[in-house]
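One structure below.
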Amino acid sequence: MTVQLKGRAEAITIQWIPKYTTLERAAHWLHTATFVPLAITGMILYFPFLQPLAQGPAGMTFRLIHRVAAVIFGLLPIVYFIFQPRRLILNIREFLPSKDDIGWLKGAPAYYLLGRHEAMPPQGRFNAGEKMNGLIMIVAWFVFGLTGVPMWFGKGVIPPEVFRWLVVFHDLAMIVSVCMFLVHLYLAVAHPLMWAGLVSMRFGVTSAEYAAEHHAKWYYGPKRAMEIWEAKKREAAQKGGH
Amino acid sequence: MARLAMLIDESQCTACRGCQVACKQWNDREGWLYSRTRNRGSYENPPDLSPQTWTRIKFTEYEGPDGFRWLFLKEGCMHCGDPACVAVCPTGALKQQPNGLVTFERELCNGCGYCTQFCPFHIPRLEVVNPLTGEAKSSKCVFCQDRVTNGLLPACVKTCPAKALDFGDRDEMIAKGQERVKALKARGYTQANLYGVDQLGGLGRLYVLIAPPEAYGLPANPQYPALANVWQKIIQPLGNVAFGATLLGILGAFLFVRRKIRMEEVR
Amino acid sequence: MTNHWVDLKNADYILIIGSNCAENHPASMTWIHKAQNERGAKLIVVDPRFTRSASQADIFAQIRPGTDIAFFGGMIKYILDNELYHKDYVVHYTNAATLVNPDYKGPDELDGLFSGYDPEKRRYDRSTWTYQTDQDGKPLRDETLQDPHCVFQIMKRHYARYDLDTVSGVTGIPKDLLEKIYKTYAESGQPGKAGTILYAMGQTQHTVGSQNVRALAIVQLLLGNIGIPGGGVNALRGESNVQGSTDMGVLAHILPGYLPVPTEADVDLKTYIENKTKPGGAWSGGYWTNGPKFITSLLRAWWGPYAVQRTDFAYQYLPKVDSPANYYWIALFEAMYAGKIKGLWIMGQNPAVGGPNARFEREALKKLEWLVVQEIFDTETTSFWRAPGEDPSQIQTEVFVLPAADAMEKAGSIVTSGRLIQWRDKVAEAPGEAKPDHQIINLIALKLKELYAADPGPFPQPILHLVWDYGKELDIEKVAREINGYAVKDVKDAQGNVLAKKDATLTTFAHLQADGSTACGAWIYTGYFSLQPDGFGNMLPAAKRRNSVYDPGGWGNYPYWGWAWPANRRIIYNRCSADPDGKPWSEDRKYIWWDEAQKKWMGYDVPDFVVTKAPTDPGGRDPFIMRTDGKGGLFAAMNEGPLPEHYEPVESPVKNVFSSQQINPVVKVWKTDEGKDIGDNYGSPDQFPIIATTYRLVEHWQAGGMSRWLDWLVEAQPEMFVEMSQELAAEKGIKSGDKVKVRSARGEIEAVAIVTARIKPLQVNGKTLHVVGMPWHWGWKGLTYDVGVTDMVQSTANFLTPHVGDGNTMIPEYKAFLVDVEKA
């Protein structure tokens, strides 16, 4: 398709390729729509400066919102699994760590901070950063569920000594997942190199060029991707760096 | 301001339950219509503290070195010097007052129930209005905060016909308790002891006991729940650091990258 | 109580036996604790189970129910053998030295009986129990206590059989523990030391109840514990204001102030008086010689201007009873059962739960034509006709329920066990149409007068002439004044001096006259409603005073707090607190003493003695002023004898080892419908091998009519239970919390089992005996079976108790009978 970019004279052409199904995108956005209220309402109990919001009827309302969101948050992957089990499992497999991740970690500072495209080895459908985000969210989902459900229904049933651990782990999962979310949010929305990420999650398609650049292994296949990268590196070395 | 405390002399208590009922009368608590108690083979009823029962008498038959004893214990909030419930309360409904009372402002409570889980003595009870929505309020003895702040004694102390209860300056209560332990030992109560002097920053509820605390079901060495410390004093500050670092890192990265990378050329 | 509640703090030794005052008089623990904590007093508790009172004791012993006379007999022997009695006190203040009729023979010679027994009538002829007297009728005495006929020697012979081994075998108390208790308590016999005995229904509710109390009174006399601070024979009354009700004569045999009810033999006032003042009569000596003044003043109070010399003071208006007669509770219900009573008027009582052989008593209620119940709540008695299992269509009784006001909803006085009268204000409004009992009586009396005026019948005067000027809305203070007594005209002494002006409220019963110039509803109360100083500069009716500051001597008397009868004396017989010469027995127990300079008795209490009578005057050493000889009665005639002798309860698992007299020889054993399902049935140890006793709990009140409607109390004690030893429970396969059945010859109930270490099996003469105990508070009404608190429909302990009572008072034997227990 042809796109007129702001501040550019000519229109450019973007070739779109599919990346995410409708269900995947719906699940992602619903996840976001529940995760954010969960985090915010949870933080009201966490940050002392938010204490006035935690008190009395206001506090009870926020707790209620937390529970309603929690139910949806908890059911989401299950519903996803019911409708597209193979897609979900595929995604989970693609979140699992691989050798590419070491390369990503080594190249990330130069690529993301300095914009050196040749520093990043080819990545699969998800790069290490995206895998980290995915895995953290999956693990967090389990931790939130396994701690949150007993915290909701188990007072007086499970021993207080066990309950105290649940609270601690619920807190830890929150800290890790919210930090991860903040990074994810920045990269998805604000980082210039990642522009297609948001588009793909909104519309399900990513630009072919973008994919060729960021997810070369997925776009070209592993062997071809490596060849292109080697060429890029040689080119950069010749030019003496950017 | 001097710290106040209650001295419960279990050597003088005759388990008449006057305190149990006086507390309910003053604090508008319910009785059988709420708890539906049955006789379970003991004089002890209700079987546990609850939102409607803030103090109760526990009965224990004890065969000790001095012979048979019928032990009575008036259970209720210990008003710890180092109250874990206050530390974990997210609304500030539970407060430790300058006079040592751990008070409770019901309007502020949002029913989260953390106090019920972190108390080393398992005292606060959650009055659950709706288990699904979580609407609830915490509930515990507050040493009749409304009476004490108006110069009156707690209802239970006023009622006790055996004069087993006293309330006042904590140092005076401790001194009185220690004298009592001495007198009891002289009378042949070899296991007499004063409970609550040093535990958990010193308890606001002191007991003169005639048997070891474990015989009464009291923890001999109650500990401030380590996880409360870990949670409040380690994880939460670390979490704040993590959030701060993440936000700063993101901001820094954003400013840095804007200078270095322009929007990627797209073909 | 001869002493009073606060005085308990003055004791060095406290023996609680047949009482559980921590349970039933919780406030008493304040004073007992003071004695323990401030004086180092030793508390001894003797009870069939380890009670709340026992939790405070220094020494506890479990005793077989019904063996108190053996226990005290053993203590008496121990005191006599080891010479632990207070010698001077015993010699001078008791009848120990008095010589008894040489024809007297006791149970030691007559196999359990005293001389003069008629087995047909089950009664004693007391003529051999008299004192030897000189020609003036004065009793002969041997103050060396050697004469074989003196009371002291008779007692030694009588109690020689009560040695430690025998008593241990009978009571089930181990011998060394028994000796420890005797030795400890007997230390109170030393001059300057005081021991107090606290007792209640655990002593009185036996067929030998009166003798139980006699036995402990003997102990107290021997140890010199009567009339001194911290001592006394202290009955802890079982009901709020039961002391007041007995003072006001709400018993079949007495008029207010303990005046005897006239019998058919007392044909006129002169004869009534003569029958009492003649030698040997109740009014023949001591302060009771003033009896004629009391009865005359009472008659004047009741019939006002119709009670004058000319009309024999309206004496004929008083109903007379048969003699001998038994109008006590059990006899009343037996008469009801036999259909002899048309109507019953009950005020604040619940016989369907509180009466012995309660199934029998519920049947008796069905025979009435009408029943009126003044009550605060709906109870098993108001609703006896619709109890579970009853068919109302078969019951012909017309039942009227008059809603009554509660104690806080009316003003009036009440009297504590310590004879202290305190006025109470009304502090709440009664709900709906509920009225105070006195107002209900007022309305009925006014209506009766109206009806009698309209239709007089043969003898309307007792009603028509009755003084009843208290107003449409009864003025309780007017009644109080009448009870206190007032001068009808100027009261003058023998010299013509005016003691009290016309219409004055009398200040002392010393001003009462036998000539109709005074009116008094209860002579012992005279002064209680007169204006007296309260120590703060005010004059108030004495019973309204509340001075808790002024305490002369620090004995806890607080003479400006309320008013104690008689004459605001806090400890009666207090002449005993000084030696025969009028000096205190010891300086630190100084209470009353003779002041030689002022020629009067001084001290920290109102002397219970003629204030100006010197110790050297005739009668100066006779402190027991209500007795004809002025001496404490170690030997004192009652229906079953002049000295307590052990007999077994009517239902007992063992034979009496002291004699072949198994039970009290004068007790009436009722046999109505014996053998039927509901009747006067008695069980044998083969059928019912377990000893049962009944008692109360702090959480509930009497027959439960009030407390079983209050949900804070029901929460604390929701259901009927039976307490048993771990050994018995193991034998029967019962665990704590199991529902069990308890059966006796009279009925069967359900209860929850409480298996406890506080009851142990007793070793009685080689046999192992089990004891179980039950509270008697439960019925089916209120927050119990009626609304589903429990599923046990019949849980009234009194279904099990026998319809038999004490030889003197007829009080039922609730405390010792036989049952069996099994898992339900």
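The values are calculated or read from the model by the stated rules, or taken from the named source; none is laboratory data. Keep in mind it's a predicted model, so treat the numbers as computed, not measured. Positions of Cβ are backbone-derived with ideal geometry, glycine not excepted, and every protein chain shown enters the neighbour counts.
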Q) Only one of (1) away from chain C (no Cβ under 12 Å); (2) touching a helix residue (DSSP H, G or I) at 6+ places or on another chain (Cβ under 9 Å) fails for B:Pro98. Which number is that? A) (2)
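What residue, among those in region C:218-274 that are of a type in the set (Ser, Thr, Tyr) and over 30 Å from C:Asp605 (Cα atoms), is surrounded by the fewest Cβ atoms within 10 Å (Cβ to Cβ)?
C:Thr271
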Q: Scan region A:119-127 and give yes if some residue there is out of contact with any Phe, Trp or Tyr (no Cβ under 9 Å at 6 or more places or on another chain), basic (Lys, Arg) and not in a helix (DSSP H, G or I), otherwise no.
A: no
Q) Which one is farthest from C:Met347 (Cα to Cα) among residues in region C:424-475 that are in contact with a Phe, Trp or Tyr (Cβ under 8 Å, 6 or more places away or on another chain) and of a type in the set (Val, Ile, Thr)? A) C:Val467
Q: Keeping to region C:275-307, report how many residues are at pLDDT below 95 and not in a helix (DSSP H, G or I).
A: 8
Q) Do you know which of the residues in region C:709-725 that are of a type outside the set (A, V, I, L, M) and facing another protein chain (nearest Cβ under 10 Å) is farthest from B:Thr37 (Cα to Cα)? A) C:Glu723
Q | Set B:Gln25, B:Gln12: member being in a helix (DSSP H, G or I), out of contact with any Gly (no Cβ under 7 Å at 6 or more places or on another chain) and closer than 17 Å to B:Cys156 by Cα | A | B:Gln25
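Can you name the residue in region A:17-27 that is farther than 24 Å from A:Ala140 by Cα and surrounded by 15 or more Cβ atoms within 10 Å (Cβ to Cβ) and, of all such residues, is farthest from the other protein chains (Cβ to nearest Cβ)?
Filtering region A:17-27 down to residues farther than 24 Å from A:Ala140 by Cα leaves A:17-19.
Applying the additional criterion that residues be surrounded by 15 or more Cβ atoms within 10 Å (Cβ to Cβ) yields A:17, A:19.
Values: A:Ile17: 14, A:Lys19: 16 Å.
Top of the filtered list is A:Lys19.
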(Q) I need a count of the residues in region B:156-199 that are within 18 Å of C:Ser55 (Cβ to Cβ) and assigned to a loop (DSSP other than H, G, I, E, B). (A) 11
Q: Taking only region C:51-77 into account, find how many residues are surrounded by fewer than 23 Cβ atoms within 10 Å (Cβ to Cβ) and either at pLDDT below 95 or more than 13 Å from C:Leu177 (Cβ to Cβ) (or both).
A: 1
Q. Across region A:44-87, what is the total count of residues that are within 14 Å of chain B (Cβ to nearest Cβ), in a helix (DSSP H, G or I) and in contact (Cβ under 8 Å) with a residue 24 or more places away in the chain?
A. 5
Q: Being of a type in the set (Gly, Ala, Ser) and exposed (fewer than 14 other Cβ atoms within 10 Å of the Cβ) narrows it down to one of B:Ala155, B:Ala175, B:Ala162, so name that one.
A: B:Ala175
Q) Hey, A:Tyr20 hits all of (1) part of a helix (DSSP H, G or I); (2) under 30 Å from A:Glu213 (Cα atoms) but one; which does it fall short on? A) (1)
Q. Name the strands (runs of 3 or more DSSP E) wholly within region C:1-86 that hold at least 2 residues that are of a type outside the set (Ser, Thr, Tyr) and more than 12 Å from chain B (Cβ to nearest Cβ)?
A. C:13-17, C:42-47
Q | Yes/no for A:Glu227 being at the interface with another protein chain (Cβ under 10 Å from one of its Cβ atoms), part of a helix (DSSP H, G or I) and among the charged types (D, E, K, R) | A | no
Q.
For a quick check of your reading of the model, give me the residue pairs whose first member lies in region C:592-607 and is more than 24 Å from C:Tyr558 (Cβ to Cβ), whose second is surrounded by 13 or more Cβ atoms within 10 Å (Cβ to Cβ), with beta-carbon atoms closer than 6 Å and at least 6 apart or on different chains.
A. C:Trp594/C:Gly582; C:Trp594/C:Trp601; C:Trp594/C:Pro615
Q) Just checking, which of B:Arg17, B:Arg40 is basic (Lys, Arg), crowded, with 23+ Cβ neighbours inside 10 Å and either more than 8 Å from chain C (Cβ to nearest Cβ) or in contact with a strand residue (DSSP E or B) (Cβ under 9 Å, 6 or more places away or on another chain) (or both)? A) B:Arg17
Q: Residues that are over 30 Å from C:Leu110 (Cβ atoms): find the helices (runs of 4 or more DSSP H) completely inside region C:146-261 holding 1 or more of those.
A: C:175-186, C:201-204, C:242-247
Q: Identify the single condition in (1) surrounded by 15 or more Cβ atoms within 10 Å (Cβ to Cβ); (2) at pLDDT below 90 that A:Leu30 does not satisfy, given that it satisfies every other one.
A: (2)
Q: Can you give me the number of residues within region C:751-792 that are buried (at least 20 other Cβ atoms within 10 Å of the Cβ) and acidic (Asp, Glu)?
A: 0
Q. Among all residue pairs at least 6 apart or on different chains, which show Cβ distances below 7 Å where the first residue, located in region A:11-24, is on the phi < 0 side of the Ramachandran plot and the second is at pLDDT 80 or above and among the hydroxyl-bearing types (Ser, Thr, Tyr)?
A. A:Leu23/A:Tyr80
Q) Quick one: in region B:51-93, which of the residues that are polar (S, T, N, Q) and assigned to a loop (DSSP other than H, G, I, E, B) is surrounded by the most Cβ atoms within 10 Å (Cβ to Cβ)? A) B:Thr55
Q: Please enumerate the residues belonging to region C:450-474 that are exposed (fewer than 15 other Cβ atoms within 10 Å of the Cβ) and outside any helix (DSSP H, G or I).
A: C:Asp455, C:Pro456, C:Gly457, C:Pro458, C:Phe459, C:Asp469, C:Gly471, C:Lys472, C:Glu473
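To keep it simple, each residue is scored yes or no on (1) in contact with a His (Cβ under 7 Å, 6 or more places away or on another chain); (2) farther than 30 Å from B:Asn130 by Cα; (3) in contact (Cβ under 8 Å) with a residue 40 or more places away in the chain.
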{"position": "A:Phe153", "(1), (2), (3)": "no, no, no"}
{"position": "A:Pro159", "(1), (2), (3)": "no, no, no"}
{"position": "A:Val162", "(1), (2), (3)": "no, no, no"}
{"position": "A:Ile175", "(1), (2), (3)": "no, no, no"}
{"position": "A:Val183", "(1), (2), (3)": "no, yes, yes"}
{"position": "A:Ala190", "(1), (2), (3)": "no, yes, no"}
{"position": "A:Ala225", "(1), (2), (3)": "no, yes, yes"}
Q: Go through region A:128-151 residue by residue and tally those that are touching a Leu at 6+ places or on another chain (Cβ under 9 Å), among the aliphatic types (A, V, I, L, M) and either surrounded by 21 or more Cβ atoms within 10 Å (Cβ to Cβ) or closer than 26 Å to B:Glu135 by Cα (or both).
A: 3
Q: Would you mention how many residues in region B:135-155 are assigned to a loop (DSSP other than H, G, I, E, B) and either over 18 Å from B:Lys24 (Cβ atoms) or touching a residue at least 12 places away in the same chain (Cβ under 8 Å) (or both)?
A: 10
Q | Residue that is farthest from C:Ile69 (Cα to Cα) [pool: residues in region C:776-820 that are of a type in the set (D, E, K, R) and either within 12 Å of chain B (Cβ to nearest Cβ) or part of a loop (DSSP other than H, G, I, E, B) (or both)] | A | C:Asp791
Q. Within region A:75-99, can you find the residues that are over 24 Å from A:Arg25 (Cβ atoms) and touching a Gly at 6+ places or on another chain (Cβ under 6 Å)?
A. none
